[in-house]
1. No solvent, one uniform scatterer per C-alpha: report log10 I(q)/I(0) for chain A via the Debye equation at q = 0.14, 0.21 1/Å, two decimals.
2. Over all directions, what mean area does the Cα convex hull of the range B:8-70 project, stated in square nanometres?
3. Taking the Cα centroid of the range A:1-27 and of the range A:47-113, what is the distance between the two, rounded to the nearest whole Å?
4. Gap in Å between the Cα centre of the range B:1-24 and the Cα centre of the range B:33-99?
5. With the full set of protein chains in place, find how many percent of the accessible area of the range B:47-113 is carbon and sulfur; take the probe as 1.4 Å.
6. Please compute the average number of Cβ atoms from other chains found within 10 Å of each residue's Cβ in peptide A:12-20.
7. Using a probe radius of 1.4 Å on heavy atoms only, what accessible surface per residue do you get for the range A:45-104? Whole Å² is fine.
8. About the Cα centre of the range A:3-106, how large is the charge dipole given +1 on each Lys and Arg Cβ and -1 on each Asp and Glu Cβ? Please answer in debye to the nearest 20.
Amino acid sequence: GQQLNQSPQSMFIQEGEDVSMNCTSSSIFNTWLWYKQDPGEGPVLLIALYKAGELTSNGRLTAQFGITRKDSFLNISASIPSDVGIYFCAAPAPQGGSEKLVFGKGTKLTVNP
Amino acid sequence: GAGVSQSPSNKVTEKGKDVELRCDPISGHTALYWYRQSLGQGLEFLIYFQGNSAPDKSGLPSDRFSAERTGGSVSTLTIQRTQQEDSAVYLCASSRTLDRGQYFGPGTRLLVL
């Protein structure tokens, strides 16, 4: 089945640093989604990408939909303590419609003040 | 407007007992999804409802798991004869259309002793 390979698994950074994480797959996807999950909460949608090559920003977050449609990255600029959490990439499983989301295993971000 | 709500937020049960988990989707969202998240893992798709169509049950791990959605709104996930490996966070999500991002509830944390 489709798998999303997300890296890195974890990151420890200082406040103010920029962060970059990515997601790759051997399958082609038509949509890429990035979620953030805080402890004890459900994932929250950060950015949705719908077109190959698309670059979308949401405040300090920027995400890109790879040209090959097999990858995406998420950048966080000038990190702050509240950026702490687990970031997941996700994409709708291509077969049988886009009902199911396939998730990466997440990147756990720790920001030291 | 209200987001996706789930109840209970936490459930502790004994092995062999049945449990019911409830999800109230965002008003107007026709698609509803259940996912399971084990400790430190990404999300695993369980079941999907879209309008009056037959649900996609392909992710249910065994016949002890079932779900229904009444009146196209509230959904209940039932786990019969619970096992310790069923311990996880059960997340519900809803969306307006198939290709747009899914919005998650806070989850139900299930612990089977």
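The values are calculated or read from the model by the stated rules, or taken from the named source; none is laboratory data. A quick note: this is a predicted structure, and the numbers were derived from the prediction, not measured. All Cβ positions, glycine included, derive from the backbone under ideal geometry; neighbour counts span all protein chains shown. For the accessible areas, the whole protein counts, side chains as well, though only heavy atoms, and no ligand, DNA or RNA atoms are used. Shrake-Rupley method; radii C 1.70, N 1.55, O 1.52, S 1.80 Å.
1. Treating every Cα as an identical point scatterer, log10 I(q)/I(0) equals -0.52, -1.12.
2. Numbers: hull surface 21.8 nm².
If you wrap the Cα atoms of the range B:8-70 in a convex hull and average its projections, you get 5.4 nm².
3. What the calculation gives is 8 Å, centre to centre.
4. 12 Å
5. After summing per-atom areas, the C and S share lands at 47 percent.
6. Working: counts 0, 0, 0, 0, 0, 0, 0, 0, 0.
Counting Cβ atoms of other protein chains within 10 Å of each residue's Cβ and averaging gives 0.
7. Ligands and nucleic acids excluded, the result is 41 Å² per residue.
8. On the way: 7 positive and 9 negative charges, 85 e Å.
Computed charge dipole of the range A:3-106: roughly 400 debye.
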